[in-house]
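Notes for the one structure printed next.
The values are calculated or read from the model by the stated rules, or taken from the named source; none is laboratory data. If you're wondering where the values come from, they're calculated on a predicted model, not measured in any experiment. Virtual Cβ from ideal backbone geometry, glycine too; neighbours counted across all protein chains shown. Accessible surface is based on the protein model in full, side chains and every heavy atom, while ligands, DNA and RNA are left aside. Shrake-Rupley method; radii C 1.70, N 1.55, O 1.52, S 1.80 Å.
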Amino acid sequence: MQAILDFLVGQIFGNAAVLFGLVSLVGLLLLRKPIEDVVMGVTKTIIGFLILLAGAMTLSNICTPIASWVGTILGVQGVQPNMWVVLSLGMSQYGREVGLALTFGFLLNILLARVLPWKGINVTGHIMLLWAAWVTTALAGLGYTGATLVLTATIACGVSYWFFVVASRPFMKDRITSEWALCMPNITGIALTSWLSRLIGDPEQSCEDIPVSDRFAWVRDSVVSIAIFGSIIWLIVGLIAGREAVQAFSGDQNWIIYLLLLGAQFSAGIAVVLFGVRMLIAEIVPAFNGIAKRLLPGSIMGLDYPTVFTFAPTAVFVGFFCKLLGAGVGTLLQAALGFPVVVLPSVFMDFWDGALMGVFADRFGGRRAAFLVPFVLGIGIQLLWGLSYPLTGSVLTGNAVCMDYPDCGTFGLVFLWIARFFGGGG
């Protein structure tokens with residue numbers, strides 16, 4: 001039984017390429033497509049995701065040194081949020097419970113979509129696994145054990161998987177697309193970005209339409225502009241952090257050249273992600289329609305962050321940079337306000353969350369909102385992480401581990417308060 005569970009968690013639900021391929025396969029078969037169309041559709045779905053993943057890995061490698069430099073610049077010691085460390089800790093100590101929470105949580109998601117009028121299905125396998133690891137490990141640290149731990153984690157995961165999709169749907173449908181929704185623990189960011197952006201900006205003045213003279217027409221090319229502005233920003237950050245901090249990552253390469261190339265690599269990573277997204281969406285959306293028509297009429301699938309990046313590529317970079325600045329300010333405020341534990345910026349997730357907020361801000365409030373809203377929310381989310389971290393239980397706090405999803409500091413904070421009350425531990 002444990003071997004079967006490990007296979008389902010590690011090779012199916014935890015492997016997004018396989019999960020997307022299965023969704024595509026089932027959908028195309030339900031649509032009764034010819035075998036050649038099925039083979040092509042499944043293959044292109046998997047390849048599209050793998051291309052997206054290759055771009056994401058490039059971005060991750062770029063964010064790693066920046067996280068170190070930001071810590072050096074801020075001069076603050078604290079906990080570094082990292083979802084992969086949370087996953088590693090959860091799977092090593094509570095692998096069986098995490099697997100059961102994910103598997104039965106996904107089934108609960110399907111049940112909720114079947115019986116309720118709001119029909120959201122989470123198909124982001126890696127995010128499901130990461131969230132299950134955080135929920136299960138936090139509950140274990142608060143004194144939950146055995147069947148109580150599994151049942152509570154299952155309910156929390158299943159409801160969350162369903163809620164993330166249906167809560168993001170209205171904002172997606174309003175200004176971005178009605179073909180799919182999103183499923184990630186950043187409903188706080190999506191909702192607040194959309195509401196605030198309406199108040200302070202004009203969606204007609206998009207980041208993609210910045211007025212420039214013909215001499216600076218390259219600004220309108222997102223690949224070129226992100227590379228140039230990224231190189232400038234990386235150079236400034238590196239110069240502030242100092243030569244020694246940069247050379248710890250640049251190796252034998254000249255440290256100035258290394259900094260300049262980071263901007264180009266960042267732009268290349270985004271371009272690869274967007275190419276993979278286009279291929280994935282072109283195949284997975286029609287395939288999921290087959291599932292929606294035959295098995296779950298009216299259902300909508302929840303996809304990952306980068307599936308919205310194509311709607312405002314320039315705002316992706318703007319949102320990331322402004323969110324990172326806000327996170328830095330929020331970290332300094334934690335120290336100034338005397339928080340018992342200071343949570344440092346998560347540069348990797350500042351990219352994904354900031355990019356997402358940038359796109360929504362641009363679509364709801366134009367470029368003014370794309371600059372201001374991610375910065376303000378970056379401050380707020382960082383403070384909320386500082387408040388929620390001490391409540392995450394003895395397992396996570398004992399290992400100085402913190403999750404880096406925005407909703408961990410909002411809905412997660414409420415969940416932890418309730419769980420702490422009933423668990424009576426941590």
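Summing Lys and Arg as +1 and Asp and Glu as -1 over all other residues whose Cβ lies under 14 Å from the Cβ of Cys63 gives a net charge of -2. Close Lys pairs in the chain (alpha-carbon distance under 16 Å; sequence gap of 8 or more, or different chains): 4. Taking all Cα pairs closer than 8 Å and separated by 6 or more residues, the relative contact order of the chain comes to 26 percent.
For the chain, with all protein chains in place and a probe radius of 1.4 Å, 67% of the accessible heavy-atom surface sits on carbon or sulfur.
Over the chain, DSSP H runs of length four or greater, each weighted -39,500 (n - 2.57), average out per residue to a 222 nm ellipticity of -25000 deg cm²/dmol. For segment 259-322, the Stokes-Einstein estimate of translational diffusion at 20 °C and a viscosity of 1.002 mPa s comes to 156 µm²/s, using the Kirkwood hydrodynamic radius over alpha-carbon pairs. Here the label points at Val224 and Val39, each 7 Å from Cα along the C-beta direction, are separated by 4.2 nm in the simple model. Checking the a/c ratio against 1.5 first, then a/b against b/c, what shape does the Cα gyration tensor give for segment 30-101? Verdict is oblate for segment 30-101. Extension gain, Arg294-Leu30: 0.36 nm per intervening residue step, less the Cα-Cα distance, totals 94.4 nm. Report, in order of residue number, the helices in the chain meeting two criteria: a C-alpha extent of 30 Å or more along the helix axis, and a mean Kyte-Doolittle hydropathy of at least 0.0; treat each whole DSSP H run as one helix. Flagged H segments are 35-74, 83-115, 146-175, 255-294, 313-337, 347-388. Between the beta carbons of Met57 and Leu107, assuming R0 = 45 Å, the FRET efficiency works out to 0.90 to the nearest 0.05. Per residue, the accessible area of segment 338-426 comes to 32 Å², computed with a 1.4 Å probe over protein heavy atoms only. Relative contact order for segment 349-426: 27 percent, from Cα pairs under 8 Å spaced at least 6 residues apart, divided by residue count.
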